[in-house]
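Coordinate-derived values only; no laboratory data. Because the structure is a prediction, the values reported are computed rather than measured. A quick note on method: Cβ atoms are made from the backbone with ideal geometry, for glycine too, and the neighbour counts reach across all protein chains shown.
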Amino acid sequence: MNPTQRSAPAPAVPLLDIGRGNRSIRDEVLRAWEEVYDSGRFLFGPAVERLERAVADLSGTRHAIGCASGSDAILLALMAIDVGPGDEVIVPSFTFFATASAVWRLGAKPIFVDIDPKTFNVHPDLVEQAITSETRAIIPVHLFGQCAPMDVLADIAQTHGIALIEDAAQAIGAAWHDRPAGSWGLAGCLSFYPTKNLGGAGDGGMLTTNDDALADRLRRLASHGMRPRYYHRDVGINSRLDTLQAALLEVKLRRLDAWTESRRVNAHRYGELMEHAGAADWIEVPFESPNARHVWNQYTIRVRGGRRDALRQWLAERGVGSEIYYPVPLHLQECFRPLGYQRGDLPATELAADEVLSLPIFPELSDQEIQTVVRAVAAFGSRGLSAAA
Ligand SMILES: *Cc1c(COP(=O)(O)O)cnc(C)c1O
């Protein structure tokens, strides 16, 4: 090796490198796509049915129903229980927009509740306090790949006769007390958005449920409420999982366990190295509940003392990718202003939005890259501490 190479800065570490995972399965995917192409069955092809079966098995549910996106999965679940004007649906504010927009689009009212600061997931006590006579459903989100406390939430939902719908978009393969994400509620909503743990080559989603009648209704609603052809009992939507997506996802699903395991190894390696580097004194590494099988869609630290944005900038200057999931809580989004929420209403959510930073965690990340990230984080910390001294 020549000396200039040795003294060169550490190479960049992207937040996510989709290409690495995709390259390893390229030939298999192209063969699967060729088969779909030649068959001409671009909708309702056999790969869709096979994927639905496989995802139902993985999720421990009787049914899985493909649809066009995770956002549509949530919308369809709410449509299937006839949520509409005058209804309230309890959701976290610290989540991706789609959790609440589905509620809004049906003319119902999202009721935002605060989180448990340790897990970033909805706090069950606050969920229970938010229940009124108008509450129709609770949508907990398994944020970053760790399940919300589903045993407690299922009890609450049952006691009050309210539907429980899981936003499991970030949590395929996760579990709570060994019971899979998507099998606790009336329905589970999965996303195959490219950055999710099982990511497609575009949009895709799926619903899981143990309820036969609901499964049937979901399937009908996803197809214009039509059955038989050109007879419409409900006003549904057009939301389908393409055969080409399903064929790719089938190939990827066979690797999901191994990829999830790599994410877990990476997460634990971060924890160990952050501790060793002394960074754990001024950042908070993610809390992993002993009840959860965390699938690490994101590795999200907290940066105390108002230094999150400076750390992000520092990392960017050193080629380390990071992202803020999510910078603006939903209760403070402009579009939800008519709901009347104000800053201060959900303090734990608002603090999280100011402190969180997600670091690279994708399965193919090398140990060297993890070390590069931790070194960069630690260097910021020691610089900050000596500046403060
Ligand atoms: C990604 C995501 C969705 C939406 O999924 P799409 O497939 O992008 O529509 C919903 N909820 C959460 C928490 C997500 O992360």
Extreme residue, positive dipole direction of the chain, given options Asn238, Pro11, Gln129 (C-beta unit charges): Pro11
Evaluated at q = 0.14, 0.19 Å⁻¹: base-10 log I(q)/I(0), Debye formula over Cα of segment 290-351: -0.61, -0.92
Calculated log₁₀ intensity ratio I(q)/I(0) where the Debye formula runs over C-alpha points of segment 72-144, q = 0.25 Å⁻¹: -1.13
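Evaluate the charge dipole of segment 20-253 about its Cα centre and quote only its size in Debye, nearest 20, assuming +1 on the Cβ of each Lys and Arg and -1 on the Cβ of each Asp and Glu. Numbers along the way, then the final one.
Working: 22 positive and 29 negative charges, 140 e Å.
Here the size comes out at about 680 debye.
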Computed label-point distance, nm, for sites Met226 and Thr159 using a 7 Å Cα→Cβ extension: 4.6 nm
Local net charge near Asp87, Cβ-Cβ under 9 Å (Lys/Arg +1, Asp/Glu -1): -1
Net length gained if the chain between Glu272 and Asp27 were fully extended (0.36 nm per residue, minus Cα distance): 84.6 nm
Gap separating the Cα centres of segment 40-89 and segment 190-204, nearest whole Å: 14 Å
Computed magnitude of the charge dipole of segment 143-241 (debye, nearest 20; Cβ of K, R +1, Cβ of D, E -1): 580 debye
Positive-end residue of Gly161, Phe336, Ser358, charge dipole of the chain with Cβ unit charges: Ser358
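When the chain is fully extended, how far beyond the present Cα-Cα distance does Arg343 get from Asp82, taking 0.36 nm per residue of separation? If you can, show how the numbers build up before the last one.
Working: separation 261, 0.36 × 261 = 93.96 nm, distance 3.16 nm.
Length gained, Arg343 through Asp82: 90.8 nm.
Would you mind giving the average projected area, over all directions, of the Cα convex hull of segment 256-388 in nm² with one decimal?
On the way: hull surface 39.8 nm².
Taking the Cα atoms of segment 256-388, their convex hull projects to 10.0 nm² on average.
Grab the DSSP H runs of the chain that are 4 residues or longer, score each as -39,500 (n - 2.57), total them, divide by all residues and round the 222 nm result to the nearest 500 deg cm²/dmol. All intermediate terms of the calculation are to be shown ahead of the outcome.
Details: 14 runs with 159 residues, N = 389.
Calculated from helices alone, the mean residue ellipticity at 222 nm is -12500 deg cm²/dmol.
Which value, in debye to the nearest 20, describes the size of the charge dipole of segment 256-388 about its Cα centre when Lys and Arg Cβ atoms bear +1, Asp and Glu Cβ atoms bear -1, and nothing else is charged? Could the numbers behind the result be given before it?
Numbers: 14 positive and 18 negative charges, 52 e Å.
Roughly 260 debye, rounded to the nearest 20.
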Aspartates and glutamates whose Cα lies under 12 Å from that of Lys109, excluding same-chain neighbours fewer than 8 positions away: Asp87, Glu88, Glu134
Overall Cα dimensions of segment 85-235, principal axis frame, Å, largest first: 49, 39, 26
Values of log10 I(q)/I(0), in the order q = 0.15, 0.17, 0.22, 0.25 Å⁻¹, for segment 327-389 under a Debye, Cα-only, solvent-free model: -0.72, -0.78, -0.89, -0.99
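Quick one: work out the % antiparallel among DSSP beta bridges in the chain, nearest 5. Please list the in-between numbers first.
Details: 23 of 38 bridges.
The answer is about 60 percent antiparallel.
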Gained length - Asp281 relative to Asp234, 0.36 nm times residue gap less alpha-carbon distance: 11.3 nm
FRET efficiency estimate (nearest 0.05) - Cβ-Cβ, Arg179 to Leu43, R0 41 angstrom: 0.80
Convex hull volume per residue in cubic angstrom - Cα atoms of the chain: 150 Å³
Cβ crowding within 10 Å averaged over residues, with 98-109, 302-313, 144-155 ranked highest first: 144-155, 98-109, 302-313
Whether segment 199-305 is rounded, prolate or oblate, judged on the alpha carbon gyration tensor where a/c under 1.5 counts as rounded: prolate
